[in-house]
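Asks: Can you keep this structure in mind? I'll have questions shortly.
Laboratory data are not the source of any read-out in this text; all were calculated from the coordinates shown. All values reported here derive from a predicted model rather than from experimental measurement. So basically every Cβ, Gly included, is an ideal-geometry build from the backbone, and we count neighbours across all protein chains shown.
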Amino acid sequence: MQSIEIKGLTHSYKGGKTALRNVDLEIGSGMFGLLGPNGAGKTTLIRILATLLKPTEGRITIDGLDLQHQRKKVRLLTGYLPQEFSSFPRLSAWEFLDYIACLKGIRPRQKRMSLIEKILEDVGLFEARDRKAGHLSGGMKRRLGIAQTLIGDPRIMIVDEPTVGLDPEERVRFRNLLSDLSRQDKTIILSTHIVGDISSTCSRIALLDLGRVIFDGTPADLASAARGKVWRADVDALDLDAIKTKYPVISAVPSVRGYEIRVVANRYDEGPADSVEPNLEDAYIYFMRLHAAAAAPPDAFVPSEERSPL
């Protein structure tokens, strides 16, 4: 079983902006979800795990290997799919994978071809193996990205925001692919700000905000933390805008009386409301908007674009 132990991990960029603050995590086999808004520190963490950044402080061991001092050995265990994955558009899918296999020193050619055929089958691209990479759909390009991480049979796969820009059908297909791979005695770390990407695939999740871990546990535990904090109410259309300024409104569905709304709040004081069972999205909003509503530290790393929990 793979084991990743992260102790006291802190990372600061030039200028004093801190992206990670004393992060402690233990990650085993299976699918692990890393969830949080833009600017939470997710990409910094996974770039450190992928040996692309060196942490300012802290220690990481992967299967007993010290990441700081045994980086080459760690790289042999790890496959990484960045959010901005790019291939060579004029190469076919199998030519691109053959190129990656050559870079990884896989010989002879017959062995490479056999390996590439199996990987193309595993990711559902065998029928498109001769298609130029530049002509693949967005979902197919993401699957090609997963295929290149599988070359060398890494025991740990790190995937950053893999479903951004995909249509719903491709998103489901991609999540199912990762779930299937996680059952092959691999550790797959899925970093995302999309709650749906982890709700049905990850056995454990960590919620990051402003560089800190504010939750670490199972999806069921996260959802239960918001029990008694989710409300359903019927409101007039004229009152909806005012309610949105006071409460995080998860959904607003037109109804006979105006709107049926779903709200996350410690209590709802705008009229009659029923407490309802929370789902993972409700719990995420609860943690981000209410439970973790403390002011950002002065040196927190927040990107120039507006931070949003969705």
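Asks: Which of the lysines could a cross-linker bridge to Lys42, judged by Cα under 21 Å and excluding same-chain residues fewer than eight apart?
Replies: Lys42 reaches Lys7, Lys14, Lys17, Lys54, Lys186.
Asks: Of all beta bridges DSSP finds with both residues in the chain, what is the antiparallel percent, to the nearest 5?
Replies: 60 percent
Asks: Here's a follow-up. Taking the Cα centroid of region 246-263 and of region 47-116, what is the distance between the two, rounded to the nearest whole Å?
Replies: Taking the Cα centre of region 47-116 as reference, the centre of region 246-263 is 47 Å away.
Asks: So what is the 222 nm mean residue ellipticity for the chain from helices alone, if each DSSP H run of at least 4 adds -39500 (n - 2.57) and you divide by all residues, rounding to the nearest 500 deg cm²/dmol?
Replies: -9000 deg cm²/dmol
Asks: Ok, one more. Where nothing but the Cβ of Lys and Arg (+1) and of Asp and Glu (-1) is charged, how large is the charge dipole of region 228-276 around its Cα centre, in debye to the nearest 20?
Replies: About 240 debye.
Asks: For Asn266 and Leu52 in the same chain, what is the full-extension length gain: residue separation times 0.36 nm, less their Cα-Cα distance, in nm?
Replies: This chain segment gains 72.9 nm when fully extended.
Asks: What ranking do 84-94, 139-149 get when scored by the average of other Cβ atoms within 10 Å per residue, highest first?
Replies: 139-149, 84-94
Asks: Need one number: nm distance between label points at Asp221 and Asn176, each 7 Å from Cα along Cα→Cβ, rounded to one decimal.
Replies: 3.0 nm
Asks: Next question, about the same structure. Rounded to the nearest 0.05, what FRET efficiency is calculated for Lys7 and Leu103 with R0 set to 35 Å and r the Cβ-Cβ distance?
Replies: So, using R0 = 35 Å, E works out to roughly 0.60.
Asks: Could you grab the Rg to Rh ratio for the chain? Cα atoms only, Kirkwood for Rh.
Replies: 1.02
Asks: Follow-up. How far, in nm, would the chain grow between Val253 and Glu117 when pulled straight, counting 0.36 nm per residue and subtracting the alpha carbon separation?
Replies: Extra length from Val253 to Glu117 when fully extended: 44.2 nm.
Asks: Using a Gaussian network model on the chain with a 10 Å cutoff between Cα atoms, which of Thr201, Thr245, Thr18 fluctuates the most?
Replies: Comparing Thr201, Thr245, Thr18 in a Gaussian network model of the chain, the most mobile one is Thr245.
Asks: Still on this structure, please answer the following. Using a simple charge model, +1 on the beta-carbon of Lys and Arg, -1 on the beta-carbon of Asp and Glu, nothing else, what dipole does region 4-218 show about its Cα centre, in debye to the nearest 20?
Replies: Computed about the Cα centre, the dipole is about 760 debye.
Asks: Further question: Using the beta-carbon distance between Ser86 and Val276 and R0 = 51 Å, what value does 1/(1 + (r/R0)^6) give for FRET efficiency, to the nearest 0.05?
Replies: The value I calculate is 0.70.
Asks: Report relative contact order for the chain in percent, whole number only (criteria: Cα-Cα under 8 Å, sequence separation at least 6).
Replies: After rounding, I find 23 percent.
Asks: Something else about it: Please compute P(r) over all alpha-carbon pairs of region 228-276, binned at 5 Å starting from zero, and give each bin as a whole-number percent.
Replies: 5, 25, 39, 24, 7, 0
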